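Visitor: Take this structure first; my questions come after.
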Amino acid sequence: MSVSVDVIGNDGAAVATKNERPLPPSQDPFYRAPADAAAHAPGTVLRSRPVQIALLGLIPQRVTAWQLLYRSNDLHGDAEVAVTTVLLPADADPAERRPLLAFESAIDAVTERCAPSYALRRGAVVPGSITQLELLLVANALRRGWAVSIADHEGPDGRFGAPREPGYRSLDGIRAAMHFRPLGLSTDTPVVVWGYSGGGMAGSWLVEMAPIYAPELTIAGAVLGAPVGDPGEVFIRLNGGRYAGFPAIVISALRQVYPALEDVLDKHITSAGECLLERAAQLPPIVALARLAGHDFGKYLDHPLEEVLSTPAMWDMFDDMRLGKHTPHCPILVIQPLHDRIIDVSCIDAQVERYRAGGAAVGYLRDRLSDHFTLLPLATPLSLDWLADRIAGRPVADADTATRTVWSVVASPSRWRGLFEMAGTAGRMILGLPLGRQSEPELPQTQPLAA
């Protein structure tokens, strides 16, 4: 297998010397924490390198991209390093003001090959990666002149489903991006958040943790699509069904996070169950859905699943993972399919109610016709337009913090236009053409300094 070699210079930058398959993170020196990493403040850039981004790992894209290794914290507050991939339109003027989009990818995997910092690079062929498909949508933000940060929010070990720490890593990724000079950002740069499904869950942790973990950051707004709400409920409902690959991946990930879960597995899982979890840990999410459909985790235990899950330790774990215990301070738009077969609408109803009970300004849009897989692309024009209004400093009207159930999020001509523009963006990407500029970012006016 051919590999690329990145040469890290004295300034911490790295230069790609060959345009071939990149090293996986576990073998790439770029990802190794410097000896003094813990001595730095969270969000400090420890290392950087330019990289080439490619659609599906194959088609080079006309965007400017770097990767930043920075100091962050895990679930327990222990120092670690994390990586974010930051993007600019290829024609961006470093001197112009621009907003920053923190895009929370639906990594939904344990395998390191699905981390955005690997999956987005040229030569990284990862069939079944959701992140690689999401690049088609992220490009529409670049066409608006926005900078984008895509953090490896699951961390180096792929801790899918872990609470709080996705927010820490993403917030520190924002801090790192703001202080990375080539991006041309500043401390007053408007920041918005966008994520769907597993990315919506990570985005929820970002906005919940922001007032506690990074109070100096001003998040202008967040769009959270199908943001899971209650991972424990999702695990129980999907187990043994068509989408049983997701519960298998989550258990494989969470055994790294919760000693109580590891103890339960040590006592009750069969050898076949261990093989199942090892297999799930190696699979990208779409592949896992195909190969692990119908697997009932209870058949791999020596006690009934209901009995194992009814222990106080398991209830505490599921409660710890539930979203909505911390109130976001930024405006939020939640989008959810009414008939979602993966994330039940009742879980999202409850998450929204918990946010509102804490005083958060949350608009909630439920779509009757879309399913889990179609709503993300169909809602992209609406999501980006809503975020653009927050970037421009437009207030959220009282009517926009209500719950609305609509037939479709694309039931207006302006949304059709957005879908046509998305199709044009996808065509440019498939052909490897420059993305071009769809619009210029509208930013709030800066206040002059007092004399």
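The values are calculated or read from the model by the stated rules, or taken from the named source; none is laboratory data. Source: prediction; values computed, not measured. All Cβ positions, glycine included, derive from the backbone under ideal geometry; neighbour counts span all protein chains shown.
Visitor: Report, by residue number, each residue of the range 223-237 that is part of a helix (DSSP H, G or I) and either in contact with a Lys or Arg (Cβ under 9 Å, 6 or more places away or on another chain) or under 30 Å from ALA388 (Cα atoms) (or both). It would help to see each step written out before you state the result.
Guide: Here is the first cut: in the range 223-237, the residues part of a helix (DSSP H, G or I) are 231-237.
Correct list: PRO231, GLY232, GLU233.
Visitor: Examine the range 260-279 for a residue that is surrounded by fewer than 19 Cβ atoms within 10 Å (Cβ to Cβ) and within 20 Å of ASP230 (Cβ to Cβ), and state whether such a residue exists.
Guide: The answer is yes; a qualifying residue exists.
Visitor: Same structure again: Can you say whether THR187 is without any contact (Cβ under 8 Å) to a residue 40 or more places away in the chain and either over 26 Å from ARG322 (Cβ atoms) or in the same structural domain as TYR258 (by TED's automatic domain parsing) (or both), as far as the supplied structure shows?
Guide: Details: without any contact (Cβ under 8 Å) to a residue 40 or more places away in the chain: yes; either over 26 Å from ARG322 (Cβ atoms) or in the same structural domain as TYR258 (by TED's automatic domain parsing) (or both): yes.
Yes.
Visitor: Give the residue, chosen from ALA79, ALA106, ALA37, that is touching a helix residue (DSSP H, G or I) at 6+ places or on another chain (Cβ under 7 Å), farther than 25 Å from SER439 by Cβ, at pLDDT 95 or above and crowded, with 18+ Cβ neighbours inside 10 Å.
Guide: Numbers: ALA79 fails: crowded, with 18+ Cβ neighbours inside 10 Å; ALA37 fails: touching a helix residue (DSSP H, G or I) at 6+ places or on another chain (Cβ under 7 Å).
Selected residue: ALA106, the only one of ALA79, ALA106, ALA37 that is touching a helix residue (DSSP H, G or I) at 6+ places or on another chain (Cβ under 7 Å), farther than 25 Å from SER439 by Cβ, at pLDDT 95 or above and crowded, with 18+ Cβ neighbours inside 10 Å.
Visitor: Can you tell me which residue among ARG143, ARG175, ARG181 is of a type outside the set (Gly, Ala, Ser) and modelled with pLDDT under 95?
Guide: On the way: ARG143 fails: modelled with pLDDT under 95; ARG175 fails: modelled with pLDDT under 95.
From the options ARG143, ARG175, ARG181, the qualifying one is ARG181.
Visitor: Okay, next question. Quick check on my filter: what residues within the range 172-198 are under 19 Å from VAL228 (Cβ atoms) and not aromatic (Phe, Trp, Tyr)? Working first, answer last.
Guide: Let us first name the residues in the range 172-198 that are under 19 Å from VAL228 (Cβ atoms), namely 193-198.
VAL193, GLY195, SER197, GLY198, listed by residue number.
Visitor: Looking for whichever is farther than 19 Å from GLY145 by Cβ and buried (at least 19 other Cβ atoms within 10 Å of the Cβ) here; the options are ASP371, ASP367, ASP398. Which one fits? Give the steps one after another, and end with the answer.
Guide: Details: ASP371 fails: buried (at least 19 other Cβ atoms within 10 Å of the Cβ); ASP398 fails: buried (at least 19 other Cβ atoms within 10 Å of the Cβ).
It is ASP367.
Visitor: Further question on the same structure: Only one of these is on the phi < 0 side of the Ramachandran plot, touching a helix residue (DSSP H, G or I) at 6+ places or on another chain (Cβ under 7 Å) and outside the structural domain of ALA253 (by TED's automatic domain parsing): ALA177, ALA226. Name it. First the steps, then the outcome.
Guide: Details: ALA226 fails: on the phi < 0 side of the Ramachandran plot.
Every option except ALA177 fails the conditions.
Visitor: Something else: Go through the range 155-213 and count every residue that is among the aromatic types (Phe, Trp, Tyr), more than 16 Å from ASP108 (Cα to Cα) and part of a loop (DSSP other than H, G, I, E, B).
Guide: Selection size over the range 155-213: 1.
Visitor: Given the residues ARG279, ARG341, which is the only one that is of a type in the set (D, E, K, R) and in the same structural domain as PRO395 (by TED's automatic domain parsing)? Break it down stepwise before answering.
Guide: Details: ARG279 fails: in the same structural domain as PRO395 (by TED's automatic domain parsing).
Criteria check complete, one pass: ARG341.
Visitor: If a residue counts only when it is in contact with a Lys or Arg (Cβ under 7 Å, 6 or more places away or on another chain), within 21 Å of TYR31 (Cα to Cα) and of a type in the set (Gly, Ala, Ser), which strands (runs of 3 or more DSSP E) contained entirely in the range 55-140 have at least 1 such residues? Reasoning before the result, please.
Guide: Numbers: elements: 63-73, 79-89, 100-104.
The qualifying strands (runs of 3 or more DSSP E) are 63-73, 79-89.
Visitor: Could you tell me whether any residue of the range 185-196 is more than 28 Å from GLU442 (Cα to Cα) and either out of contact with any strand residue (DSSP E or B) (no Cβ under 6 Å at 6 or more places or on another chain) or at pLDDT 95 or above (or both)?
Guide: Going through the range 185-196, the residues more than 28 Å from GLU442 (Cα to Cα) turn out to be none.
Within the range 185-196 (the criterion being more than 28 Å from GLU442 (Cα to Cα) and either out of contact with any strand residue (DSSP E or B) (no Cβ under 6 Å at 6 or more places or on another chain) or at pLDDT 95 or above (or both)), the answer is no, since none of the residues qualifies.
Visitor: Also, I was wondering about something else. When you check SER346 against the structure, is it hydroxyl-bearing (Ser, Thr, Tyr), closer than 30 Å to PHE246 by Cα and over 20 Å from the mean Cα position of the chain (by Cα), yes or no? Lay out the reasoning, then the answer.
Guide: On the way: hydroxyl-bearing (Ser, Thr, Tyr): yes; closer than 30 Å to PHE246 by Cα: yes; over 20 Å from the mean Cα position of the chain (by Cα): yes.
So SER346 fits the description; yes.
Visitor: Something else about it: Which of the residues that make up the range 373-407 are of a type in the set (D, E, K, R) and under 22 Å from ALA106 (Cα atoms)? Break it down into steps so the answer makes sense when it comes.
Guide: Of all residues in the range 373-407, those of a type in the set (D, E, K, R) come to 385, 389-390, 394, 398, 400, 404.
Residue satisfying the conditions is ASP385 alone.
Visitor: A follow-up question, please. Please identify the pairs in which a residue from the range 194-209 that is of a type in the set (D, E, K, R) has its Cβ atom under 7 Å from the Cβ atom of a residue that is in a helix (DSSP H, G or I), counting only partners at least 6 apart or on another chain.
Guide: GLU208/GLY167
Visitor: Looking at the range 141-152, I want the residues that are closer than 14 Å to GLY418 by Cα and have a partner that is among the basic types (Lys, Arg) and at pLDDT 95 or above with Cβ atoms under 9 Å, at least 6 apart or on another chain. Which pairs are those?
Guide: Pairs found: ARG143/ARG428.
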